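**Q** After the structure tokens below, expect a handful of questions from me.
The values are calculated or read from the model by the stated rules, or taken from the named source; none is laboratory data. Please read these numbers as outputs of a predicted model, since none were measured by experiment. All Cβ positions, even for glycine, are placed from backbone atoms using ideal geometry, and neighbour counts span all protein chains on display.
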Amino acid sequence: MRLRTFILLILVLILIAAVALLLLGNSGIGPLAGLLGGNDDTPAENGTTDNGDDDNGAEEPLQPPPTATPGLEDVVVARVNIPVGTMITDELLEVQRWPRDNIALQGGYTFTDTTQLVGRITKVDIARGQSFLSPMLALNPTDIASFGSDLALYVPFGEVAIAFPVDRFNGAALAMRPGDLVDVLMTMRVVDIDPQFGTILPNNVARVINSALLNGQPFLFPEVKDGRLEFVPEINQVAAIYPSTLGLEGQDFTLGLPIPKRVTQLTIQQAEVLYVGTWQDPRILEQEQIAARAAAQPGEDGSVPPTPTPIPSRLEGQPDVVILSMSSQDALALNWAMFRGVDIDLALRSPGDQTAFVTTSVSLPQIIDQGGLAIPDQSNFDLHPSMDNAPYLALPPENPNEPEE
């Protein structure tokens, strides 16, 4: 029994000694401090050091040196897919922030402001989100002439260009310039037609001899042109009524035929003026200017003649045609009206005015109703043109028995 008790006592002492050594090692002192990661200036395996200055014993990891973040810069990109030959508008552009280390930015080929691109023409297809690079753009229509007509480059997408003859009366006094917006006014002359013949009414009238018709003989009286048969109660018989051949000075209708009814309406709105006058090829004009600059020689005093002015937007002082841009449907209406000889006038709009007008067609009855015009009653006086084309008032004589002078 004594041997067992002695062995147990030795084991207890060994355990107590082991516990004491562990406690001393964790506190940073003793022979086990180095083995158990005690407090010294030697870096630990986790790459940290403990100099004992931290009151709570917290250990700070070693931080790698900070990496430089590249700066950002504005870059203009395509908001949608843009085909070749498109004139760039603000709606096709947007601005994104790109790192300065981008190769395109470093080469100086990109644009930072949308105003630098508006009005330029694309030489290649540009995908959505792709940045605009200077080699993708044409400086003028001559730089992209191989892609079609240079005039076509100025036509907005979804519209067509159509030429319209003008003078100083129907063309806003020829004051239009490229970029202006105009409205198209049309005045049509309407007449009644026979639904079967498709001819202007009234039809010619031929009287029939009933007895000759029953006997199989020629039964038609001489043809009555532009008239009608009408029973006249005052003479108690049928008479042939012929149209009047009296006319008015400056009339635009044929004597003896029905006077057309006229109606005017605003038919096309916001058509853009692409060019005033006959289109001039800018390539020829540019070559002429280059030749003029090359031929310019310095004067004796060393002065150089002035540089020719830029290509003008209008070369003719009295142009007889204007090129308009509009939708295909409006172009059809304008073409039909020109073919049928409809009276057409252009009304010039204020710059930037996008108002969509709602108008009522104008005719003589509408003007009378709108203006409150009272039609004079029938009387025995009227206005007549005099010999010198000045109107005068013809009044009845005071004494009906006396003849007029």
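**Q** Which of (1) among the aromatic types (Phe, Trp, Tyr); (2) modelled with pLDDT under 75; (3) loosely packed, with under 10 Cβ neighbours inside 10 Å does residue 392 not meet, given it meets every other one?
**A** Against the list (1) among the aromatic types (Phe, Trp, Tyr); (2) modelled with pLDDT under 75; (3) loosely packed, with under 10 Cβ neighbours inside 10 Å, residue 392 comes up short only on (3).
**Q** Conditions: (1) at pLDDT below 90; (2) loosely packed, with under 10 Cβ neighbours inside 10 Å. Residue 366 meets all but one. Number of the miss?
**A** All conditions pass for residue 366, except number (2).
**Q** Please tell me if residue 129 is under 22 Å from residue 153 (Cα atoms) and part of a loop (DSSP other than H, G, I, E, B).
**A** No.
Listed here are the residues, each with its yes/no results for (1) in contact with a helix residue (DSSP H, G or I) (Cβ under 9 Å, 6 or more places away or on another chain); (2) more than 30 Å from residue 344 (Cβ to Cβ); (3) in the same structural domain as residue 344 (by TED's automatic domain parsing); (4) modelled with pLDDT of 75 or more.
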residue	(1), (2), (3), (4)
144	yes, yes, no, no
153	yes, no, no, no
173	no, no, yes, yes
176	no, no, yes, yes
207	no, yes, no, no
219	yes, yes, no, no
234	no, yes, no, yes
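**Q** Also, I was wondering about something else. Restricting attention to the stretch 163-190, report how many residues are aliphatic (A, V, I, L, M) and either touching a Lys or Arg at 6+ places or on another chain (Cβ under 8 Å) or at positive phi (or both).
**A** Selection size over the stretch 163-190: 7.
**Q** Still on this structure: Starting from the stretch 88-101, take each residue that is touching a residue at least 12 places away in the same chain (Cβ under 8 Å) and list its partners that are of a type in the set (Ser, Thr, Tyr), counting only C-beta distances under 6 angstrom and pairs at least six apart or across chains.
**A** 90/114; 93/114
**Q** Any idea how many residues of the stretch 316-340 are outside any helix (DSSP H, G or I) and of a type in the set (Ser, Thr, Tyr)?
**A** Result for the stretch 316-340: 2.
**Q** Which residue pairs have Cβ atoms closer than 8 Å, lie 6 or more positions apart in sequence or on different chains, and pair a first residue in the stretch 335-354 that is farther than 18 Å from residue 263 by Cβ with a second residue that is in a loop (DSSP other than H, G, I, E, B) and among the small types (Gly, Ala, Ser)?
**A** Here the result reads 346/171; 348/175, each pair linking the stretch 335-354 to a residue that is in a loop (DSSP other than H, G, I, E, B) and among the small types (Gly, Ala, Ser).
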